[in-house]
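**Student:** Sharing a structure here in structure tokens format.
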Amino acid sequence: MMLLEPAPSPLAPSGTIAERGFKKAVLRLVKGGPERLAIEAGQIDAIIDPASGHAILLPDAQRALIERKAPNRYASTVLDSLDAAIAVLDQTGVVLAVNPAWRALAINHSGITGVALGSNYLAGCDNAGSDEHVDGMAIAAGIRQVIAGERALFRYDYACGSPAGQRWFTLGVAGAAGHDAASAIVSCEDITERRRGEFLLDLERTVLRCLADADTAAVALKSVIRAVCESQGWNCGRYFFLDQSAGVLRFRESWGIPVAAVEQFLEKSRGLMFHPGAGLAGRVCQSGQPLWTLDGTRASSLSPTVLAPETGEEGAFVFPVSSEDTIFGVLAFSNPIIREPDDRTLQVVRSIGSHLGRFLHRQEVVDALRRSETRFRALTVMTSDWHWEQDRDFRFTQSIEGRPFGNVDIFGMTHWDLPNVVLTDAKWAEHKCRLAARWSFSDFEFAILQPDGQHDYYSVSGEPVYDEAGTFSGYCGTGLDITTRKRAEIALRDSEARLRTLAGLSSD
Amino acid sequence: MARKKASRAATDAAATTAVVMVLYITESGPNSVQAIANIEAICEEHLKDNFRLEIVDVLQYPRRALTDGVVVTPSLAKLSPLPAATVVGNLSDTRAVLRALGIRG
């Protein structure tokens, strides 16, 4: 096929000067006869040049062929209007056409995201190699499969660097079956915002898991700081707690990547102290709002010199740790460059600060309870010889501090099961009634006959115990070995009785 | 493109011998598209199944056209029964086509 020059534009109206000149040239080739009449009647599409053997297309046929063979202008319009970056590849991977979104993407990126019109996309993938973020060979293999018709669609998510930081893309490759030139349509969609949102969601979950697994505040703080650093790619983070009595922020916990400079930075932080309103941490503590510096020199409304001892030459991101409007401290993260946080990031750090604040508050309550329990136990130990617990059937389940009832193995026994207990039936009955009524009892005394014929005396006190549902679950209480006192009382009573006897005898 | 339509024995008493034709076209050309439609309509109406039509795209087979003495598309060449005849153009003149095919309209 040959197009006679000058080739008329497909968009030129019929009968232009160029086309009339073209027809004259054609008529010269066809000297006369029905062919000439047909040409003049506009019923001919092509003339076979006897000399060259080429078919020479007349303008209307040219237009029809161009519109069929070339990407038509409707397709171009649609392509240009799409937000996704689109490239059309031929069978060898050469980029035949791109839309404006692709051109904009290619300007700002390198590697496979930066392949321009006329370049070979497959070669770009092959040359990109493989790293932790993108496998160029895998992408090239997928595209080749699509071009060969071995698969209808190929998808691949990858990350690549840009002046604005790391960005994520999803690549979609579809076959262009039925077209002579185009073999594959490549779409490249920027999914950075979606991916960052996923990372933030993962971070929030990780923080909650850290808090659920932590049994101390120190463990919780370190694991949360680490989770945030690893998620955001930051070097280190520190927690400064608000010392309420002194009214200052003091260093408490940190985590950082194992790099000497970072370790030194964290070591120096140990002595740092901030008054509310001073420095980035102090301002966050005062305002309760997150603050950040992007790279140590740019900070909104903050003088870099004010922050120098706090952040060095680095960027910083600081947010409060609070619970119900009470600020417990601040988390301060450092990295050479901190990206301007978006609304979603700010929302997540506030949530993390709140979760951590609630955990620390709960931990404070638990610690206070633990201290109180320790004090109570010490008092119990001082005022009794042992304490015990019983199940709902009044069987001993636990005995702490001491060996009750003269080394008897009491587990699984009730009070009245103890061997050689000396107590009247009436007193046992009265005691059992009290237990059945779930009343507390104190100084319930009884004796146990020892193998040597002596009596040992004991006094027990108890309180009913209820579980969280309010169901009775047994008793707990204390026990005292009162043998010495009892024997002394008995001896005194016996002595008094003897004296009274002697006095009676003498008066007689 | 070279398409052929196979003929079947005609039951029409008026056409006892199959008409063999070659239509030379240019793919996508508006006159060629029209010519195909016109000859198919004529064959349907006047030849029933008693014909054989071959369609040759000169963009793919330019030498074939030259060999057959065709210099423009669309052109319809009747090869048999003799005498041979050629009609040039989009075949919109049905009477001229029927005359060339030896059929009285």
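Every read-out reported here was derived from the displayed coordinates using simple, explicitly stated rules and does not represent laboratory data. Being a predicted model, the structure only gives us computed values, none of them experimental. Don't worry about glycine lacking a Cβ; one is built from the backbone with ideal geometry, like all the others, and counts go over all protein chains shown.
**Student:** Quantify how strongly other chains surround peptide B:22-34 by giving the mean number of their Cβ atoms within 10 Å of each of its Cβ atoms.
**Tutor:** 6
**Student:** Which peptide among A:434-447, A:344-357 comes first, and what is the full order, when sorted by highest mean count of other Cβ atoms within 10 Å?
**Tutor:** Ranked from most to least packed, the peptides come out as A:344-357, A:434-447.
**Student:** Then there's this: As an exercise, use a Förster radius of 22 Å and the Cβ-Cβ distance of A:A436 and A:F411 to find the FRET efficiency, rounded to the nearest 0.05.
**Tutor:** 0.50
**Student:** Which order do A:L89, B:L53 fall in if you start with the one that has the fewest other Cβ atoms within 10 Å?
**Tutor:** Fewest to most other Cβ atoms nearby, the residues stand as B:L53, A:L89.
**Student:** Report the label-to-label distance for A:A261 and A:E364 in nanometres (one decimal), using points 7 Å from each Cα along the Cα→Cβ vector.
**Tutor:** Each label point is offset 7 Å from its Cα along the Cβ direction, giving 3.7 nm.
**Student:** A further question on this structure: Using all Cα-Cα distances in the range A:384-490, what percent lands in each 10 angstrom bin from 0 up to the longest?
**Tutor:** Reading the bins upward from 0: 14, 49, 31, 6, 1.
**Student:** Now for a separate question. How much length, in nm to one decimal, is gained on full extension between A:S495 and A:E463, taken as 0.36 nm per residue of separation minus their Cα-Cα distance?
**Tutor:** Length gained between A:S495 and A:E463: 7.8 nm.
**Student:** Could you give me the ³J(HN,Hα) list for the range A:87-94, computed from phi with Karplus coefficients 6.51, -1.76, 1.60 and θ = phi - 60°, whole Hz, x at Gly and Pro?
**Tutor:** 10, 9, 10, 8, 4, 8, x, 6
**Student:** Still on this structure, I have one more. Counting only other chains, and only Cβ atoms inside 10 Å, what mean value do you get across the residues of B:59-68?
**Tutor:** Mean shielding by partner chains, rounded to a whole number: 3.
**Student:** If you don't mind, another one. Taking neighbour Cβ counts within 10 Å as the exposure measure, how do A:W416, A:W168 sort from fewest upward?
**Tutor:** A:W416, A:W168
**Student:** To the nearest whole number, what is the average tally of beta carbon atoms from other chains within 10 Å of the beta carbons of peptide A:35-43?
**Tutor:** Mean number of neighbouring Cβ atoms from other chains: 5.
**Student:** Need one number: nm distance between label points at B:I103 and A:H133, each 7 Å from Cα along Cα→Cβ, rounded to one decimal.
**Tutor:** 7.1 nm
**Student:** On a full-extension model of 0.36 nm per residue, what is the gain between A:Q454 and A:L502, subtracting their alpha-carbon distance, rounded to one decimal in nm?
**Tutor:** Gain in length upon complete extension: 14.6 nm.
**Student:** Continuing with this model, one more query. Can you order the peptides A:43-49, A:387-393, A:465-471 by their average number of other Cβ atoms within 10 Å per residue, highest first?
**Tutor:** A:43-49, A:387-393, A:465-471
**Student:** Go through B:29-37, A:136-144, A:370-378, B:41-49 and give me the packing order, highest mean Cβ count within 10 Å leading.
**Tutor:** Listed from highest to lowest mean packing, they are B:29-37, A:136-144, B:41-49, A:370-378.
**Student:** Starting with the fewest neighbours, write out B:S92, A:S495, A:S323, A:S334 ranked by other beta-carbon atoms found within 10 Å of each beta-carbon.
**Tutor:** Ordered by Cβ neighbours within 10 Å, fewest first: A:S495, B:S92, A:S323, A:S334.
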